[in-house]
Amino acid sequence: MPGSGSIDLARHRDLEGRRAGPWTRRAVRALFAAWAIVVLFGLIGQHPKAQTSTAPAGSLQVRSPTRLRGGNYSKQIQNPRLVLDSGWFDGITINTIEPQASQELSRRDSTVLEYNQLSPGDKLTVWIESQVNPTTVGRRLQSISLDDGNVQIARDTRHLTVFP
């Protein structure tokens, strides 16, 4: 048996005594490279899917990814803003919004709720308590987006049906 500082030609050059041969190692490397290419070109995950739920009192459509890759929400959001378009407020009375936004702004026909900075892993749940005005009837589009300052991060749109 050679000493700890010497080279054993049979083991190091001829690869004798190793469990995995060179083709096994190459196959494993190729598998990792193929996975990286598939992810790089966006062929796996994060494609939005629409799902609609309908009931006699109304309908709800949610459009969001059903599969995600790790790392999507690891960035700090310096200036989180929820931007709600006019479909959230036309003919609807807002009783309360919790937690209260640090600032409420107006952007075109939208209402902007500004909150304090969010660190990776933080969760912000906003509750909006409202009631429909008695004269309001019809179907409308409601859009909401999460922005970091004026940069849009995510957006969702759904239909709201108000019955008499």
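The values are calculated or read from the model by the stated rules, or taken from the named source; none is laboratory data. Model, not experiment: these values are computed from the prediction. So basically every Cβ, Gly included, is an ideal-geometry build from the backbone, and we count neighbours across all protein chains shown.
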Next item on the list: Any residue in region 92-119 that's assigned by TED's automatic domain parsing to the domain that holds Arg155 and over 21 Å from Leu141 (Cα atoms): show its pairings with residues that are buried (at least 17 other Cβ atoms within 10 Å of the Cβ) and of a type in the set (Gly, Ala, Ser) at Cβ separation under 8 Å, as long as the two are six or more apart or on different chains.
Entry: Glu114/Ala101; Tyr115/Ala101
Margin query: Looking at region 132-151 only, could you name the residues that are without any contact (Cβ under 8 Å) to a residue 40 or more places away in the chain and under 17 Å from Thr111 (Cα atoms)?
Written below: Asn150, Val151
Next item on the list: Could you identify the single residue in Gly91, Gly71, Gly87, Gly58 that is closer than 28 Å to Val39 by Cα and either at pLDDT below 85 or surrounded by 12 or more Cβ atoms within 10 Å (Cβ to Cβ) (or both)?
Entry: Gly71
Notebook entry, point to check: Identify, please: which residue in region 127-154 is farther than 16 Å from Trp88 by Cα and in contact with a Lys or Arg (Cβ under 8 Å, 6 or more places away or on another chain) and is, among those, surrounded by the fewest Cβ atoms within 10 Å (Cβ to Cβ)?
Noted result: Gly149
Checklist line | Unique residue being in contact with a Pro (Cβ under 7 Å, 6 or more places away or on another chain) and either in a loop (DSSP other than H, G, I, E, B) or surrounded by 12 or more Cβ atoms within 10 Å (Cβ to Cβ) (or both) when the list is Leu124, Leu82, Leu113 | finding: Leu124
